[in-house]
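Bear in mind these aren't lab numbers, they're just calculated from the coordinates by the rules spelled out. Just so it is clear, the model here is predicted, and its values are computed rather than measured. Cβ atoms come from the backbone with ideal geometry, glycine included; neighbour counts cover every protein chain shown.
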Amino acid sequence: MIKNILCIHENEYFVKALSNILLRHDLFVSGFDTMEEARGFIREYRESLDLVIIGGPLKDGTDTTEIARILRHELHVRAPIMGLTPAINRELLKKARESGINIFLPEKIKEGELMKHIKVFDLLWSDPKPASILLIDENPLRREKHLFELRGGNFTAWEASEGMKAVLLAEENNPDYIVLSDSLTDKDCFEVSRALKSNRLTSHIPIILLTRALSAELKRKSLMAGIVDFYVEDEKSSAFLWFITEIVTRISEKKYKSALHFSNFPIMIHTVNYILQKEGYHVFNTSQCTEAENIINDGTIDVILCDIGTSHQSFPMLQRYALSREKGQWIPIVLIAGPGDMEELLYGLQEFADDFVKTPFFPEELIKRINNQVKMKETGEYIFNQSQNLKMLSITDFLTGAYNRNYLDDTLESFISRYKRKKRMFSALMIQVEDFSKIVSLFGNLTGDEILRKVTAILEQTLRPTDMIFRFGEDDFIVLLEDTPEENLRIVAERILEKFENTMLSEESGNYHRVNLLVGALAYSGESRDDVLKKLDKEIEKMKRAYE
């Protein structure tokens, strides 16, 4: 992280002003206006320097490139060097490369621009070589200026002035990105792009078009030739470096959304990958139905893209998925259709797809359609989850977390209905806290609430996940147990009582009060809902009399 900055500048007032500005950003500046003063400091603190800002000529006549040469070759400074200059020309760029300057900034740079450059350098120099770039441009000054910026920003960079030589360079060096000018004389830029995309060694490399003006027609032709991004020439200092840095950062940063791309056409795969990764998607690529189904079933996908022209065999699989989509688990499907895919596109839209995009498409169009579908998915999931939460609130007792009395009535009716239609047997337990009103009068409502919550917790620990617990009255609970014969009810009841038997409360007087449960059981044999509840109530009364 950049913290310690050395400034060597002819104007001591500039040094003081820079120090005050950067101090506001927690950056410490050591400044000098002569090399003689700076040498001793550099020899002692060279290893702790994070960045050097220089501007000449100094009072002793040393110009900016000479300052850099002394820093690099005599004093062995390794920190990146920013040079301040009124204008850039080829001769200055040549001297800067030889002397070791990393980047030039305008002499009258604003605070915001300076901090932006410092943050970019902090990012690019924190790791070794962020990426490699092949620059193809016949304009010497522009090419040298961009190459200077890239290498100064710690990128590995190669240059070519002719298109077909660039193809050989790309084969040999396998760069991470190719920047291709639209003004080449030996070959048309689209021809160069197609040559790169048809070569198995270079087809995966994203191609960025460098142009002075971008029209919709140029964009369409570029995309058809395999170009995936565009840089419009900007005269601002280091605008090209910022552009490349943003791309590399966005492609490499952690992804929070994911897409499944079903295709076996390499150029389409690489194009979609670049566009979606830049937008923050992690992309899974496959052309196999089984693999695609496994990825979908993992539950991490936000959107599915299907390239009709090369992967229409995926239609049956996608149709099966669409039919099985559940509320709250919906993944949108977007079809990518070529000019000859209209029949398949119509079929897909009728049967399973949610949207489509036609090739050649603009990156903005693809992103807009995909993001819209993902937003609809997220909105649908939110609404579904909220409705589920509301449903749970409507059927749950807020104090204990057990189901409430209203839900008991509906559930008991459905159990009875299943018994009559399918002979699906079930049993019921009623659990009551003995002398609950006495406990509340002695120990208060809060203690009573805690006892009820403890009863619910013990029931949840003791019973099966399929058994359903309901709060029936103030101190009563009912449990419905499917497929539990009468002979097993006693075992279940004894287990509940055993779990609760050591519950004791102490009064202020020092007396102790044991909390007991009463349990009544019933194996269903054709009664009505009201008769079931009455019989359970009678069982509890029998238990009370037995304890008197």
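A few points about this structure:
- Where only C-alpha atoms are counted, convex hull volume of segment 165-249 per residue in Å³: 102
- Every helix of 4 or more DSSP H residues in the chain counts as -39500 (n - 2.57), and over all residues that averages to -15500 deg cm²/dmol at 222 nm.
- Placed amide H near E159: partners under 5 Å, 5+ positions off or other chain: L135
- Inter-centroid distance (Cα atoms) of segment 385-410 relative to segment 61-112, Å: 71
- P(r) for segment 96-205, from all Cα pairs and a bin width of 5 Å, is 2, 12, 19, 19, 18, 13, 10, 6, 2, 0 %, short bins first.
- Computed 3J(HN,Hα) for segment 205-212, one whole-Hz value per residue from the Karplus formula 6.51 cos²θ - 1.76 cosθ + 1.60 where θ = phi - 60°, is 7, x, 10, 10, 8, 9, 9, 7, glycine and proline marked x.
- Hull shadow area, averaged, segment 405-547 [alpha-carbon convex hull, nm²]: 8.8
- Across segment 175-313, the fraction of Cα-Cα pairs farther apart than 18 Å, rounded to a whole number, is 61%.
- Rounded to whole Å, sorted largest first: equivalent-ellipsoid semi-axes of segment 206-263, Cα gyration tensor: 23, 20, 7
- Base-10 log of normalised Debye intensity for segment 260-415 (one unit scatterer per alpha-carbon) at q = 0.12 Å⁻¹: -0.58
- Here the residues S198, S258, ranked from fewest to most Cβ neighbours within 10 Å of their Cβ, fall in the order S198, S258.
- Sites count as exposed loop sites when they are chymotrypsin sites (Phe, Trp or Tyr not before Pro), lie in a DSSP loop, and have at most 12 other Cβ atoms within 10 angstrom; the longest stretch of the chain without one is 1-255.
- Rg over Rh, two decimals, segment 347-420 (C-alpha only, Kirkwood Rh): 1.32
- Between segment 2-29 and segment 230-276, the Cα center-to-center distance that results, in Å: 35
- Evaluated over the Cα positions of segment 147-198, the convex hull gives a direction-averaged projected area, one quarter of its surface, of 3.6 nm².
- The amide H of I103, built 1.01 Å from its N in the peptide plane, has I81, G83 as neighbours under 5 Å, considering only residues 5 or more places off or on other chains.
- ³J(HN,Hα), Karplus 6.51/-1.76/1.60, whole Hz, each residue of segment 354-359, x for Gly, Pro: 9, 6, 8, 9, 9, 8
- Rounded to 5, percent antiparallel among DSSP beta bridges of the chain: 30
- Integer Hz, Karplus 6.51/-1.76/1.60 couplings in order for segment 424-438, x for Gly and Pro: 7, 6, 8, 10, 9, 10, 10, 10, 10, 7, 5, 6, 5, 5, 5
- Exposure proxy shown here: for L399, L536, the number of other Cβ atoms within 10 Å sets the order, fewest to most, as L399, L536.
- Trypsin sites (Lys or Arg not before Pro) restricted to DSSP loop in segment 184-246 with at most 12 other C-beta within 10 Å: R200, R212, K236
- The Cα-based radius of gyration and maximum Cα-Cα distance (Dmax) for segment 1-126 are 13.3, 36 Å.
- Residues whose amide H lies under 5 Å from that of K257, counting only those 5 or more places away or on a different chain, are H282; hydrogens are built 1.01 Å from N in the peptide plane.
- Stokes-Einstein D in µm²/s, Kirkwood radius over Cα pairs - the chain at 20 °C with 1.002 mPa s viscosity: 70
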